[in-house]
Structures are given as C-alpha cells and as structure tokens.
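The values are calculated or read from the model by the stated rules, or taken from the named source; none is laboratory data. Treat the numbers as computed from the prediction; the structure is a model and nothing was measured. Using ideal geometry, Cβ is built from the backbone for each residue, glycine included, and neighbour counts are taken over all protein chains shown. All accessible areas refer to the heavy atoms of the entire protein, side chains included, with ligands and DNA or RNA removed. Shrake-Rupley method; radii C 1.70, N 1.55, O 1.52, S 1.80 Å.
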Amino acid sequence: RRLSMSDPIYIVDDDADFLELLARSIHKRDPDIEVVSFNRPAAAIVALIRRRPALIITDLIFPGGTSGMDVVASAKSRGIPCMLCSEIEDQIGAVVVGSKTSTLRDAPARAASVTGSMPVFQAARKA
C-alpha cells in the first residue's frame with residue numbers, strides 16, 4: 001500500500017516531554033503531517049488496527065508488559081514502517097532508521113535525529 005498524504009505518524013513513548021518535542025519538531029518540518037502521540041504501546045497497537053498510520057516512531061522499553069517491539073511486530077504484520085527511538089537506562093540509547101544507527105542520550109538529540117530522517121519519509125509520501 002502506498003503512503004498517503006493523509007496518513008498520520010504515530011509516536012509512542014512514555015516520556016511526555018519527548019512526545020511533545022518530537023511532535024513539534026515534525027510539525028516544524030512539515031505542518032501538514034498529522035502526529036498522534038501515545039504514552040502506552042497497547043494503545044498504539046489498538047489505534048494502528050483501527051487507523052493505519054504512514055509511520056510509527058516508538059520507544060523500545062516501557063514500564064509494564066508491552067514493549068516497543070510489540071508495536072513493531074503489530075506494525076510489521078500490517079506492512080507499516082517503523083523507527084525505533086530509545087534511550088536505554090544505563091546504556092547509550094540508539095535511534096535506528098533502517099540500517100543507520102546513531103548513539104544519543106538526550107531527548108533533543110533524539111528528536112533531531114528522527115526529524116533529520118524526515119526528508120526520506122516525506123519523499124516516500126509524495127511519490
């Protein structure tokens with residue numbers, strides 16, 4: 001299925017400040033992109049079943065039983081592209097975009113790395 005200009009981006013992270021920062025960064029790059037934020041992976045999984053997003057950006061580790069990998073598995077089974085963006089406690093966080101990995105610790109740097117990858121995503125949406 002081709003990406004649609006009307007498909008939203010889902011962001012899944014338990015850090016409310018990061019959710020807000022990333023949503024603002026995406027809107028700054030392209031104000032026409034709808035961003036839907038979730039602080040729990042289970043809520044994102046339910047939402048992606050109801051409304052297909054163009055892209056999911058998810059943290060990896062959450063408190064409780066559901067993880068970012070559960071989100072990725074649900075998305076993958078539906079052909080939805082994902083980006084993992086995680087700050088792992090006591091380790092260096094990793095932002096994974098395809099085969100590109102960069103090590104980042106702070107939320108602004110993680111948000112900048114994700115939005116730095118947006119031109120590739122935007123080109124795919126407009127193709």
(message) Past the 11 angstrom mark, what percentage of all C-alpha to C-alpha distances in segment 27-69 do you count?
(response) 69 percent
(request) List, in order, the whole-Hz ³J(HN,Hα) value for each residue of segment 21-28 obtained from phi through the Karplus relation with A = 6.51, B = -1.76, C = 1.60 and θ = phi - 60°; use x for Gly and Pro. (result) 4, 5, 4, 4, 5, 5, 5, 5
(message) Using a probe radius of 1.4 Å on heavy atoms only, what accessible surface per residue do you get for segment 1-77? Whole Å² is fine.
(response) 53 Å²
(request) Taking the Cβ of Phe38 as the centre, find all other residues whose Cβ is under 11 Å away and add up their charges (Lys, Arg: +1; Asp, Glu: -1). (result) -2
(request) On the protein heavy atoms, probe 1.4 angstrom, tell me the percent of accessible surface of segment 9-73 carried by carbon and sulfur. (result) 52 percent
(message) Just to verify a number: what accessible area does Arg24 come out at with the full protein assembly present, 1.4 Å probe, Å² rounded to tens?
(response) 130 Å²
(message) For a quick check: with amide H placed at 1.01 Å from N, whose amide H comes under 5 Å from Val35's, ignoring anything fewer than 5 positions away on the same chain?
(response) Ile9
